[in-house]
1. Calculate the mean, over all residues of peptide C:337-343, of how many other protein chain Cβ atoms lie within 10 angstrom of the residue's Cβ.
2. Determine the distance separating the Cα centre of region C:129-184 from the Cα centre of region B:14-48; give it in Å without decimals.
3. Determine how many Å³ per residue the convex hull of the Cα atoms of region A:205-278 encloses.
4. Taking beta carbons within 10 Å but only from partner chains, what does the mean come to for residues C:31-40?
5. Could you check the spin-label model distance between C:LEU234 and A:ALA60? Points 7 Å from the Cα along Cα→Cβ, value in nm.
6. Going by Cβ distance under 4.7 Å, what cysteines of the protein assembly as shown have no possible disulfide partner?
7. Label points 7 Å out from Cα along the Cβ direction at C:ASN51 and B:ASP128: separation in nm?
8. Cα-Cα pairs above 33 Å in chain C: how many percent?
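The values are calculated or read from the model by the stated rules, or taken from the named source; none is laboratory data. Since we're looking at a predicted model, the values are computed, not measured. Quick reminder, even Gly has a Cβ in these numbers, built from the backbone with ideal geometry, and neighbours come from all protein chains shown. Areas reflect the complete protein model, heavy atoms only, side chains present, ligands, DNA and RNA absent. Shrake-Rupley method; radii C 1.70, N 1.55, O 1.52, S 1.80 Å.
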Amino acid sequence: MAATDDGYVRPAREAAVSSGDRGDRLLEAAMGVVEWPFTRLQRLIGLRRMPWVFVLPNMALFTIFVFIPVLLAIGYAFTGGTELLLWNRPFVGFENFSRLLSCGSYLDPATCELDLFWTAVFNTTWYTAFNATGTLVVSLVTALVLNRLTRGKAFFRAIFFYPVLLSPVVVALVWKWFLARNGLLNAVFADMMGERTIFLLEVLWSRFWVVYVSIWFHMGFYTLIILAGLQAIPRDIYEAALIDGTSRWRQFWRLTLPLLMPNLLVVLVLLLIRSVQVFDEAWVLTDGGGPGTANTFVVQFIYETAFATDVRLYGLASAASVLMGLALLVLTLVQLWLGKKAEN
Amino acid sequence: MASIRMDGLTKAYGNLEVIHGIDLDIEEGEFVALVGPSGCGKSTMLRMIAGLESISRGEIAFDGEVVNEMTPSERGISMVFQSYALYPHLTVRKNLSFGLENLRMKRAEIDARVAEAARMLELDAYLDRKPKALSGGQRQRVAIGRAIVRHPKVFLFDEPLSNLDAKLRVQTRGEITRLHRQLGTTMIYVTHDQVEAMTMAGKIVVLNGGKVEQVGRPLDLFERPANLFVAGFIGSPRMNLYDGQIVGTEGGAARVASPETGELTVPLGHAASGRAVKIGLRPSHFAVGAEAEGSPLMLDVDQVESLGHETYLHGRLNGAETTTIVHVQNHLDAAPGDRLPVRPRAGHVHLFDAASGQSLGRA
Amino acid sequence: MLGFLTRTRGKSRMDVTDILAWAWLILGTLVIAIPIGWAFLSSFKPEAEINSFPPTLLPRAAEELVIEGYDEPLPAYLWTDETGEARTVGLVRRIGLKATVVDPASPGERLSVDAGAIEKQTVISAEWANYTDPLERFAFLTYLKNSVFVTVVATILTLVLNSMAAFALSKYRFRGSTTIFVLMLSTLMLPLSVIMVPAFMVIVGLNLADNLWGVIFSTVATPTGVFLLRQYMLTIPDDLIEAARVDAASEFRIYWRIILPLSAPALAVLAIFSVIWRWNDFLWPLIVLSSPENYTLQLGLNAFQGQFTVQWHYILSMTVVALLPVTLIFLFLQRYITEGVASSGVK
């Protein structure tokens, strides 16, 4: 038993609470130091202006590092030269855009003035097409399978989600080793084919593995989103269908898929938005977009044009960024429109 | 303790005015109930007194000092919220002491006040529990305790009993009344339940559509409702109201008639013949059966609610369409289909102007 | 196990779709686990082992024998003599087709045998030098330190700044609050790749190029975090704030003592995500940081693998170091993470 300062005699267990109380008071004292300027400020400017004090730090950083760059991006796209500071750069009008867009034939990158850019656009297009459909199908199937589970759901959900958390560099290196000349895949492959293949140095194989690794990396995220959509479908609909004697196949095509469609469309657009921005893991995996330019994507073009060459063409890179930004804007608007439609 | 004066108190959200210039005086130590249907502005008014809602026009003064621009804590009020608004992550003790710590009060003083409130509300055993581990009634008491420890000048209650079950509600009503006697603090109590207002308050303010309909002692409102709204709102079951007409005046008296009541003579000096009126009769102001033997008014009974010690008869007077409710003390043997003589008690007939709804008097 | 398998959907019989479902789950688990497991196991192989083909699954090293009279331990070989009898011997030297071996049972006697009759012996062992060398000989300790610094500081700042902004945007109605919120949301979809160049210019303008603070400051004001916290804080009843105001609490005290403790679940989710984001960040640090002593682990790893392409034993060990924190966080907090993602759509 211990007598505490409030004069009560409490059992020992509660005395422990009051020692926590002491820590509490210490924290209280420490907080007083932080609190003091805020309290003074409130007395000075009044309660109604306090919310501004709370948003201000976040807004300041946000303005400096996001808003201002967004505005500057457009400025850069219309200037030339190699100076980094905007006010030192000459205005060149649409020159950067016309360079990017001048092509003999848009179907053949080799006829374009900047063939690397158009190669990147083509590569990004096929990557986006395969990656988006592939991820959507794999995620949908996985979500359907997980949704059926009565036990072990959390376990398998965790397994499929785990790669999402890894860093792009780690993912690229793990796969690079798996696909290496001495890698595990070649150990199996050589047994069957009689020879080893350096997968990442062959155009078709490397493109296949870039998409494969990307699906492997991100599918867990989309699985979770689709799974949440599936779980939002009321159970009693299926019970009603069961009583009606609806076959499981019909249940899927006539109930699950239509009810899930808004969710799937949003996932698809999200996938498109993310696919267009492919860079990190593909860049590390293919040693900078190789073999040759088989896996060079638009973001890589922007990054290398602006930062990884001796002549830093910030204007050209920004013009390419603005073009990509426009493509993303269209996709975002589509997504908002779909989201609104789903709500109604 | 403080007296409160409101002067032309107005609240507007943009162009929408919800409180229309209220004037009200509250004496020191009074228990005032603000009562009215939902949306009448009673909660908004309480929150303006508390300082949680800004004042669009007019002013509020505590003890003659205008408090319009003061924060809640500067006004020295404390408030019990409808949801109790207990801090869910703090123990009962911390819930009680939080406000005192904010005032940078000495630890010993805080502990003393918490102990005092806990003793008063019998919360000693729960001081180290979190609100989640308490019953509804206990939470309610913590909410009151949190208001007490600050020794406020004015207590504000915002429908504090609406989350309790019927039995606890009656009990807590008693506790709050006892608290008021004990502390003698000015209390303002918002409720939509006229029974709470009638049983607890010393003064009732009936609000409707952002305006004060009537201010008075509970019995005054019951006996002398100033208008149709108050007449209908105060008293349960509601006052029976019939469309009638003044058919003639003789000296200081007027004869009023309606299909339900037939012709009644009421002492009314200033009535013009032919004026349309509403005749109000409270259910409890009827003599029934043997007591009303010989009355020309007959009640066709449709439904009988017998509670043992009292009886409610639902029926029609004089074969009219309007339903009339009659309340009889004690048990009365009656069955649907019965026809009973009834007589309005003298001095309990209310007359209202049909157009304005204002009371013309009682006779 | 069979009982568990057949219990799907509460039916006693397994049909084709059940079998396909389980096949998918098991296949998926293997597809996810094998590359990571392979990299993990390989990271413990000594350099000689890692370059041999066909590879062994488990990390192995040459077995060694300590034999009396020899200062160094000798590599162990299995010698099969003419009679077909096999025994373990230590190899002293090998010249052409002949090898000199010594039997540990009789250390004084040297035997000259056919090189074809002996076979190298290996044991399962972990090469910890793969882990210690890069930390000592290369700058990986610096990279690790930089990564930890960026991750911890950025996460703390993210939590403080985002929660303050979320508090203001969820609990006050003030002029401009909607505008701020909509502006933030609209940039939720605006990727770094679009503003890469001007964002770098801002960093240069603030003299933060090649500085860890340049990486930190530009990432802490996440619209995602503000959004996530705001949605959570909206569920905290406003009554509590008014009660606290009546209780004479200042606005900052309301934020600190009432709102923050009650937002703990959302703060935890944001903290977890912030740690993972900042630990894994690649493109932005790649642009901002130029000198190796400022590299984060991800940058260091990328640079190292570009420079020393054959040093897979080091690359893999550092890859494991890079994935370890995230893996541990996930092991302990996976429920929070998956539920946080499912409910907020944040990644």
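1. Across C:337-343, the average partner-chain Cβ count within 10 Å equals 6.
2. Centre-to-centre (Cα) distance: 48 Å.
3. Details: hull volume 7.3 nm³, N = 74.
Measuring per residue, one finds 98 Å³ for the Cα hull of region A:205-278.
4. Working: counts 4, 8, 2, 3, 13, 8, 2, 7, 9, 1.
Going residue by residue through C:31-40 and averaging, the value is 6.
5. So the label points at C:LEU234 and A:ALA60 sit 2.9 nm apart.
6. Result for the protein assembly as shown is B:CYS40, no neighbouring Cys Cβ within the cutoff.
7. 6.8
8. Details: 32659 of 60031 pairs.
For chain C, the fraction of Cα-Cα distances above 33 Å is 54 percent.
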